[in-house]
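These notes concern the structure reproduced below.
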Amino acid sequence: MAQTEGLAECTHTARGVDAVAARMRALDASWPRRDGVAVFNRVYLAVTQEVGRGVTVGRFPDARAAVTLDVRFAERYLEAVDAATADRLTPACWRPLFQLRRHPGVRALQFALAGINAHIGHDLALAVVDTCHGLGCEPADLEDEFDRVGDILVSLEERIREDLMPGPDLFQVADPLTHLLGSWSLDRARDGAWSAARVLWALRDFPGVAEELRGRLDDAVGLVGRMLLTPLPD
């Protein structure tokens, strides 16, 4: 009986992930396939669906915390999409991707990793803080869920590179894309996001300082994103 109730709770909890995945599918259907934001959106949809499956099969020790973190995380990206659609200013971390989304000199893998950089480098830290406020917990209470979501991202990164890299003849040592993308690491971005989340949480009673740190983080991640989107020759 307890096992049945636990499965039902996980299924109900996963609906929050299903809702954001449905929004991403709708966006994918509305954008041209080559659009740079669409490229990232497809990558992120795969991650979100994997998290949903993980919740359903009990991969996360605390399903409620995992879903809350995942949904708060996704909402940051979706809010940036809404801002860009309404011609409002997006966070600096997302600005390069939205500005260069149709640039013919930027390759699909660059779009994907620039979106991941914005989302992991900036949004993830803020999503952890949002989740802590929402659940009344500390960042340390979310560490298992944070790590497991991060593991899903890392496991998909190699597949993303394989699916989107230009091909064996172009992806050589001499190709500028090799050097450009070799300067960015998902693992380092994830570690930085965890550190930033802990610092922001420690500064929650000092809103002015915390806001300044969020602004600096946003700008720094945006700068990295702009570098990742450097147009390259074919």
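The values are calculated or read from the model by the stated rules, or taken from the named source; none is laboratory data. Source: prediction; values computed, not measured. Note: areas computed on protein heavy atoms with side chains; ligands, DNA, RNA excluded. Shrake-Rupley method; radii C 1.70, N 1.55, O 1.52, S 1.80 Å.
For the chain, the share of accessible area belonging to carbon and sulfur comes to 53 percent (1.4 Å probe, ligands and nucleic acids excluded).
How far is helix 36-56 tilted, in degrees, relative to the longest principal axis of the Cα atoms in the chain, given as a value from 0 to 90 rounded to the nearest 10? So the helix axis and the longest Cα principal axis differ by about 30 degrees. The residues of the chain present an accessible area of 50 Å² per residue when probed at 1.4 Å with all protein chains retained. Comparing 86, 220, 66 in a Gaussian network model of the chain (Cα springs below 10 Å), the most mobile by mean-square fluctuation is 86. Helix-only arithmetic for the chain: the sum of -39500 (n - 2.57) across DSSP H runs with n ≥ 4, divided by the residue total, places the mean residue ellipticity at 222 nm at -24000 deg cm²/dmol. How tilted is helix 207-228 with respect to the longest principal axis of the chain? Cα atoms for both, answer in degrees (0 to 90, nearest 10). Between the helix axis and the principal axis of the chain, the angle is about 40 degrees.
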